[in-house]
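Chemist: Below is one structure. I have some questions about it.
The values are calculated or read from the model by the stated rules, or taken from the named source; none is laboratory data. Nothing here was measured: the structure is a model prediction, and the numbers come from that model. Accessible surface areas use protein heavy atoms only, side chains included; no ligands, DNA or RNA. Shrake-Rupley method; radii C 1.70, N 1.55, O 1.52, S 1.80 Å.
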Amino acid sequence: MNIVTIVGARPQFIKAAAVSRAVQRARLQGCDISEQLLHTGQHYDYNMSGLFFSQLGIPAPAWNLGCRNNDTQMTQKIASVLQEVRPDLVIVYGDTFSTLAGARAAVGLDIPVAHVEAGLRSFNDAMPEEYNRIQTDRISRYLFCPTHTAVENLRNEGREEGVYLTGDVMYDATLMFTPDVERQQQILHELGICSGHFALATIHRADTAEDPEKLHGIFMALSQLGREVILPLHPHTARTVSSHAELTGLLADSGNIRVIEPVGYQEMLVLEKHAFLILTDSGGVQKEAYFQRTPCITLREETEWTETVTAGWNRLAGTDTQRILAATAAPFHTKDISDYGTGSAADIIIQHLISA
């Protein structure tokens with residue numbers, strides 16, 4: 001089986017790293033399986049792309065298309081590669097432009113598609129991610145679901161064939177790549193922060209990052225936490241901040257918000273593990289917060305990862321300053337989540353593909 005894996009954004013590199021290692025394990029066991037990576041170029045600066053490839057040990061992509069968020073151009077360029085290679089299968093991940101463009105290009109050439117992280121729904125149709133994931137699920141042959149809720153979502157939409165509950169490959173990756181204790185302490189020392197004495201904030205979704213009013217509400221809340229806040233500033237968010245003097249001034253004058261450059265995956269895992277609280281609009285960070293057993297405030301009105309809310313690890317607060325502060329003030333009462341598996345989701349996915 002010859003696989004082309006399509007990635008383009010930071011979370012996809014993480015998921016692909018886990019599955020690529022499962023492919024290599026299957027090869028060592030004598031399975032006739034190979035994989036090549038196609039990088040659309042959706043994330044293109046070093047901290048958002050190159051650093052992840054080097055840290056995760058992902059082989060250099062066979063193709064880097066240099067696309068950004070132009071869905072039509074991306075689909076056409078992917079199709080040109082697939083037309084030449086004619087793989088047996090295309091794997092896509094998550095809910096980005098790269099996900100849907102890759103699935104559409106493959107289906108247009110009658111190449112089967114496997115969607116890893118299928119079945120997620122926020123039920124917010126205004127989110128581009130919601131459209132991307134729904135459309136990708138509709139045209140994929142294999143739907144690999146990380147949770148029971150994802151399976152149920154697909155069943156409610158009338159889809160049961162080709163649906164598999166696998167656990168979450170991001171949990172696999174967290175177990176693989178969280179550094180040992182010595183390296184964790186080294187990273188904290190290099191960043192000049194103390195374990196348990198800071199909150200971690202991430203903001204990157206277009207709906208938030210491009211809205212100065214929402215950013216103002218978030219930054220006001222962060223400035224009133226009374227504790228140091230580490231904010232790795234996503235390039236998307238940084239562009240909005242730099243073009244609005246009020247936001248630039250708010251960050252500069254806060255006294256407790258420390259803006260840093262985006263960090264690598266291992267550094268991010270360490271920050272998540274040692275923060276006393278995480279505030280984020282990222283779906284992946286919500287889960288990683290649970291994996292590291294750190295309470296989370298989600299800066300959105302909905303989440304695809306509803307089990308994190310049900311289990312008490314996560315609270316939805318939107319972008320209103322007072323709602324965020326209220327969410328941080330109440331104690332968290334938590335319980336374990338079994339859905340994400342035991343760290344073998346990637347192997348389960350590859351075994352399903354081999355057996356299909």
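Chemist: Ranked from the most accessible area to the least, with a 1.4 Å probe and all protein chains present, what is the order of 236, 148, 333, 244?
Modeler: From most accessible down to least: 333, 148, 244, 236.
Chemist: Write down Rg/Rh for region 156-315, rounded to two decimals, with Rg from the C-alpha atoms and Rh from the Kirkwood relation over Cα pairs.
Modeler: Radius of gyration relative to Kirkwood radius: 1.00.
Chemist: Over what distance in Å are the Cα centres of region 126-155 and region 246-283 separated?
Modeler: Using only Cα atoms, the two centres lie 30 Å from each other.
Chemist: For region 178-313, give me the percentage of DSSP beta bridges that are antiparallel, rounded to the nearest 5 percent.
Modeler: 0 percent
Chemist: While we're looking at this one, here's another question. Using the heavy atoms of the protein chains alone and a 1.4 angstrom probe, what is the accessible area of the chain per residue in square angstrom?
Modeler: Per residue, the chain has an accessible area of 41 Å².
Chemist: So, one more: Given the whole protein assembly as supplied and a 1.4 Å probe, what does the accessible area of residue 352 come to in Å², nearest 10?
Modeler: Taking all protein chains as shown, residue 352 has close to 60 Å².
Chemist: Can you list the residues, at least 5 places off or on another chain, whose amide H is less than 5 Å from the amide H of residue 35, using H built in the peptide plane?
Modeler: Residues meeting the amide H criterion: 3.
Chemist: Still on this structure, I have one more. Under 19 Å Cα to Cα from residue 335, which lysines show up? Leave out anything in the same chain fewer than 8 places away.
Modeler: Excluding near neighbours in sequence, the set is 273, 287.
Chemist: In whole percent, how big is the carbon plus sulfur part of the accessible area of the chain, probe 1.4 Å, protein atoms only?
Modeler: 49 percent
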